[in-house]
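The values are calculated or read from the model by the stated rules, or taken from the named source; none is laboratory data. None of the values given here were measured: they were computed from a predicted structure. All Cβ positions, even for glycine, are placed from backbone atoms using ideal geometry, and neighbour counts span all protein chains on display.
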Ligand SMILES: Cc1ncc(COP(=O)(O)O)c(C=O)c1O
């Protein structure tokens, strides 16, 4: 079986984790600090605040922007549920814009239409889906024209660039995930990035029970801290991120070369001015049910990212998101299949995947 994801953990990660174990400092400490500094610098931002997951990073990101009850935030419905759930955590209202067919990312024209309808919108939460940066020129224009706050969900796009600028450095604040399937991992883990001192200060309070000094608490905070154990894994993984991303890109290129002429599927596009880091390699096909069966029979792992627009999830239906249609998102939800593209794939694995797909129809 060729798995859809396969985190690479080597001796160096294990050895640094052992060092943490031996130090007795299992939770907060120098590894977390070092990891925050390195990842923030790499992502071209001033401050990094490590968290327990990408979900808690998003929660902190919104709360550190002082997002409040009933604030309207435009976002995408074609993503993992955590993106818009972070809006619900602040009791704010997600407003769903449609996505673009070629990039799977939020469509600036759809954002503009929604801004006409909801001129009091406070923020924009974008997701650089599957490792491909959003259309940042257009998005920054919209943000400036409408005086919006910008949050980047960069959970799937460590190291991706738009016009040579790293994702995570465009918004007021951004959030990353280091879940094991991501481009680099800490086990569970996340990071908030920002250039703004006030946001950094609030984020630091939020992740640590609003604590300014031991047992003194200024605001309602949480225990969203990253452990030193996770940070140790992250520090080693971080050194390999560029190499992993290079392999992901190379694997994607090979898959596209081998599949692009097939008339029953569409290979993913890499759009202009972008460095796509291929968290997922997601094809579109009108023969999905048969294809999934065939992949199963042939031992090729796959993922459906994502089977439902967020607003069609039971949770959102119960919240009253009934009269929304995002036609592109809905079509994509029926067509998408992610194939293995991770850096642990061998040349033989890739040739096998291509060969089997070429024989499908
Ligand atoms: C786009 C997106 N946002 C947020 C998250 C949440 O990250 P985590 O699973 O680390 O909480 C994920 C991870 O699955 C994601 O893919």
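Here are the numbers:
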item	result
Residue in the range 129-146 that is over 22 Å from residue 272 (Cβ atoms) and either within 16 Å of the ligand (Cβ to nearest atom) or touching a helix residue (DSSP H, G or I) at 6+ places or on another chain (Cβ under 7 Å) (or both) present	yes
Residue among 161, 212, 185 that alone is buried (at least 20 other Cβ atoms within 10 Å of the Cβ) and either away from the ligand (no atom under 16 Å from the Cβ) or under 25 Å from residue 25 (Cβ atoms) (or both)	185
Those residues of the range 299-318 which are touching a strand residue (DSSP E or B) at 6+ places or on another chain (Cβ under 9 Å) and outside any helix (DSSP H, G or I), in sequence order	299, 300, 301, 302, 303, 304, 305, 306, 307, 309
Unmet criterion (only one of (1) more than 8 Å from the ligand (Cβ to nearest atom); (2) part of a loop (DSSP other than H, G, I, E, B); (3) touching a strand residue (DSSP E or B) at 6+ places or on another chain (Cβ under 9 Å)) for residue 61	(2)
Pairs with Cβ under 6 Å, 6+ apart, first in the range 181-209 and touching a residue at least 24 places away in the same chain (Cβ under 8 Å), second part of a strand (DSSP E or B) and away from the ligand (no atom under 16 Å from the Cβ)	194/47; 200/47; 200/194
Members of the range 188-205 that are more than 8 Å from the ligand (Cβ to nearest atom) and in a loop (DSSP other than H, G, I, E, B)	195, 196
Residues satisfying the stated conditions in the range 164-178, i.e. under 13 Å from residue 132 (Cα atoms) and within 14 Å of the ligand (Cβ to nearest atom)	167, 168
Any chance residue 125 is crowded, with 19+ Cβ neighbours inside 10 Å and within 14 Å of the ligand (Cβ to nearest atom)	yes
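Quick grid of which residues meet (1) within 16 Å of the ligand (Cβ to nearest atom); (2) out of contact with any strand residue (DSSP E or B) (no Cβ under 7 Å at 6 or more places or on another chain); (3) not assigned by TED's automatic domain parsing to the domain that holds residue 172:
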| site | (1), (2), (3) |
| --- | --- |
| 16 | no, yes, no |
| 22 | no, yes, no |
| 30 | no, yes, no |
| 34 | no, yes, no |
| 45 | no, no, no |
| 81 | yes, yes, no |
